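The values are calculated or read from the model by the stated rules, or taken from the named source; none is laboratory data. Note that the structure is a prediction, hence the values are computed from the model and not measured. As a convention, Cβ positions derive from the backbone with ideal geometry for all residues, glycine included, and neighbour counts pool all protein chains shown. Remember, those area values only see protein heavy atoms, side chains included, never the ligands or the DNA or RNA. Shrake-Rupley method; radii C 1.70, N 1.55, O 1.52, S 1.80 Å.
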Amino acid sequence: MKPGALLAHKRLPVLSINPDFERYSRQILFAGMGEEGQRKLQTASAVVVGCGAIGASAAQLLARAGVGRLRVIDRDFVEPSNLQRQALFDESDSRNALPKAVAAESKLRQLNSQIKIDGMVSDLTSHNAEELLNGFDLILDGTDNFETRFLLNDFAVHAVRPWIYAAAVGSYGLTYTIRPGITACLACLLETPDAGGMLEETCDTIGVLGPIVSLVASLQAAEALKILSSNTLALGNRLLSCDIWSGRLQSIAVARNSQCRACVRHEYSYLRGESQPHITMCGRDSVQIHERRRSLDLASLSDRLSATGLPVKKNDFLLKFAVPPYEMIVFGDGRAILKGSTDPAVARSLYARYIGA
Ligand SMILES: [Zn+2]
């Protein structure tokens, strides 16, 4: 194609499409999609697990593309340091410390009111994975940790559901589409003795650039559109990685591991909850306390804490209070995030003292 060809003024074919499809007309014009593909997207569903940078961008692309039902699951709330790269959130969300799932649901509704969207403020664990993920055609990885990714992989392999692994850190990112029974799974790829070093670096330790996140989310969303419109022949079946600082792009074939714990031996240790600790690392200098099957009355907790003279901030979903040098954020389901320490003993002690066992 000549360099100017894409810019040349072309007469577009007259569309005889359903008026409901008008908003998707440019996508329908694309030969790989067509009306048939668009119809499939509109009856399809996807769940985005983790609505940070990658999850928010991917969810936005799928909502705009008209995927009929979207669920967004996230355990965290919006902070000022998210705004540099997390496309669905703005300054008022961080000022109000809104849960990301709540802010995302509201933004996605503004982008497309014709699809079903629900935001779930929840920490995905082995206890609620079936309940939160069941019934969706596709799972998108927007998480920031391998514990949850291996849980997603266990669920997806067990339920024979496709899912798309995606990660970015620094200027580097990658994505890989996993179709149980057809491709290698995440355990084939990463549960090898020499994979340990790959799992250490996080955005909270070495930072991350906004453009790599957008790029990885775009690759992930494109794979999602292929799957949800039944264009599986267009899937590359390779791990794609890129570094936007060096400009290096790679496409790597991933072999199935004939001894794989998950997709060969069907040992779903993450789904069975054997790997879920009570307190986990959660970003830089913070830990999360998982309190399951507990419902907290945030209003009375807020009154109780205020009465002791602690400054408490509260919205409908969470409350924050400071016990210098620490800050604790407590959610309605009993979960808490302690900032200012990575010591589980400190977290346990403050939780017991201020929230109760
Ligand atoms: Zn496997």
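At a glance:
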read-out	value
Which numbered condition A97 fails, given (1) farther than 16 Å from I139 by Cβ; (2) under 17 Å from the mean Cα position of the chain (by Cα); (3) not in a helix (DSSP H, G or I)	(2)
Residue, nearest to the ligand (Cβ to nearest atom), within segment 248-276, restricted to residues that are among the small types (G, A, S) and in a loop (DSSP other than H, G, I, E, B)	A262
Enumeration of residues in segment 122-170 that are at pLDDT below 95 and assigned to a loop (DSSP other than H, G, I, E, B)	S122, D123, L124, T125, S126, H127, N128, T143, D144, N145
Which numbered condition G173 fails, given (1) within 16 Å of the ligand (Cβ to nearest atom); (2) buried (at least 24 other Cβ atoms within 10 Å of the Cβ); (3) not charged (D, E, K, R)	(1)
Residue satisfying condition, being open to solvent by less than 10 Å² (accessible area, probe 1.4 Å), within 10 Å of the ligand (Cβ to nearest atom) and aliphatic (A, V, I, L, M), within set A166, A187	A187
Residue within segment 333-350 that is touching an Asp or Glu at 6+ places or on another chain (Cβ under 8 Å), surrounded by fewer than 18 Cβ atoms within 10 Å (Cβ to Cβ) and β-branched (V, I, T) present	yes
Where L111 falls short, out of the listed (1) buried (at least 20 other Cβ atoms within 10 Å of the Cβ); (2) farther than 22 Å from D316 by Cα	(1)
Residues (open to solvent by 70 Å² or more (accessible area, probe 1.4 Å) and modelled with pLDDT under 95) located in segment 260-275	R272, E274
Failed item, numbered, when R292 is tested on (1) modelled with pLDDT of 95 or more; (2) of a type in the set (K, R); (3) open to solvent by less than 90 Å² (accessible area, probe 1.4 Å); (4) away from the ligand (no atom under 16 Å from the Cβ)	(1)
Long-range neighbours under 7 Å by Cβ, at least six apart or interchain, first residue free of Cβ contacts under 8 Å to residues at least 12 places away in the same chain and within 16 Å of the ligand (Cβ to nearest atom) within segment 141-163, second in a helix (DSSP H, G or I) and open to solvent by less than 10 Å² (accessible area, probe 1.4 Å)	none
In segment 61-84, the residues that are assigned to a loop (DSSP other than H, G, I, E, B), open to solvent by 40 Å² or more (accessible area, probe 1.4 Å) and out of contact with any Ser or Thr (no Cβ under 8 Å at 6 or more places or on another chain)	Q84
